[in-house]
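What follows is a short report on a single structure.
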Amino acid sequence: MEIIINFLHKIAPVFLAHGIVGIIAFCVRLYMQGGKFRKQTDETGKVAIVTGGNTGLGKETVMELARRGATVYMACRNKKKGEMARKEVIKKTGNSNVFSKECDLSSLDSVRKFVEEFKKEQRELHILINNAGVFWEPRGLTKEGFETHLGVNHIGHFLLTNLLIDVLERSAPSRVVVVASKAHERGQIQVDDINSSDFYDEGVAYSQSKLANVLFARELAKRLEGTGVTVNALNPGIADTEIARNMIFFQTKFAQYVVETILKPFLWSVMKSPRNGAQTTLYAALDPDLEKVTGQYFSDCQLASAAPAALDDRMAKWLWAQSEKWTGIAL
């Protein structure tokens, strides 16, 4: 009995310490989940497109739109994964008006084909959510030769949105929601090397593309003023998704071991769940109070301040002009 008592005395502080750490981690996680969009809306009769709708924040966004009765098109790079996600959404929501269409944002031809097929099936579009993105990728090029972050996160969405403007205007009031990132605050549009040909850094390239997202949203909002189409950008926060899967760091077995044994327990407390990560997107897309709000930036389901670089109107116009040249369109 004495041995047992001594043993309990030795391990009790360990259990107590772990318990305290666990409670702290749980409280931190609750705090980090951010704002929630709690308003109940009926989206029956509305048509929505969500890029990257088969995984992460996009999938959660599609799920909630479907629950609320919307007809949802999932624009997915991987046709097989898109179909699997579509079936899951239909099963969980009971809404059969969910469709998965191939749309590879790294190929402008794929974007054009997606829009062409969508317009054959639908005459209206009430919500366009530019959600898909790549994060800290090793340097690569899109089909047309654009640096991957710039090409997928900005240029692909620029073309997609512009090709759908006529449908959005016809369906007004309608909304364009651009999922950006807090990383835009560290971004800079490299005018002399925007394609990262002379110098490449994953973080710099990603931050540039996210700054481009906010600049694009603000410029588009100005160009569509008075049409009934609103355009807003947002920061979803840090969420537990697969977006970092292609980072070089995560490709080694050692890194994967470190992530599983050390980082995940820590990150669990500071990252949003995918569902909570999608809340600001849903807020910007659905909140009735935002029907006429445009050209703004949101975070945690409330208005937030964008970085000074994102408020540079001259740079926004320059980026727009370049994007028109890259995509071969004019609005």
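General observations
- Elements of type strands (runs of 3 or more DSSP E) in region 60-137, at least 1 residues being surrounded by fewer than 21 Cβ atoms within 10 Å (Cβ to Cβ) and either modelled with pLDDT of 95 or more or touching a helix residue (DSSP H, G or I) at 6+ places or on another chain (Cβ under 7 Å) (or both): 98-102
- Members of region 271-324 that are in a strand (DSSP E or B) and either in contact with a Ser or Thr (Cβ under 7 Å, 6 or more places away or on another chain) or among the hydroxyl-bearing types (Ser, Thr, Tyr) (or both): Tyr297, Phe298, Ser299
- Residue in region 179-191 that is closer than 27 Å to Lys120 by Cα and at pLDDT 95 or above present: yes
- Of the residues screened, Val62 is not one that is over 22 Å from Asp166 (Cα atoms) and more than 17 Å from the chain's Cα centre (by Cα).
- Scope region 170-194; condition more than 18 Å from the chain's Cα centre (by Cα), assigned to a helix (DSSP H, G or I) and closer than 26 Å to Leu128 by Cα; matching residues: Arg170
- Yes/no for Val167 being assigned to a loop (DSSP other than H, G, I, E, B) and surrounded by 15 or more Cβ atoms within 10 Å (Cβ to Cβ): no
- Complete set of residues in region 204-219 that are of a type in the set (D, E, K, R) and either more than 14 Å from Thr161 (Cα to Cα) or outside any helix (DSSP H, G or I) (or both): Lys210
- Taking (1) surrounded by 15 or more Cβ atoms within 10 Å (Cβ to Cβ); (2) at pLDDT 50 or above in turn, Lys10 satisfies each apart from (1).
- Checked against (1) part of a helix (DSSP H, G or I); (2) modelled with pLDDT of 95 or more; (3) among the hydroxyl-bearing types (Ser, Thr, Tyr), Ser197 meets all criteria but (1).
The values are calculated or read from the model by the stated rules, or taken from the named source; none is laboratory data. On a predicted model such as this, the values are computed, not experimentally measured, just so you know. Counting neighbours? That spans all protein chains shown, and the Cβs are built from the backbone with ideal geometry, glycine included.
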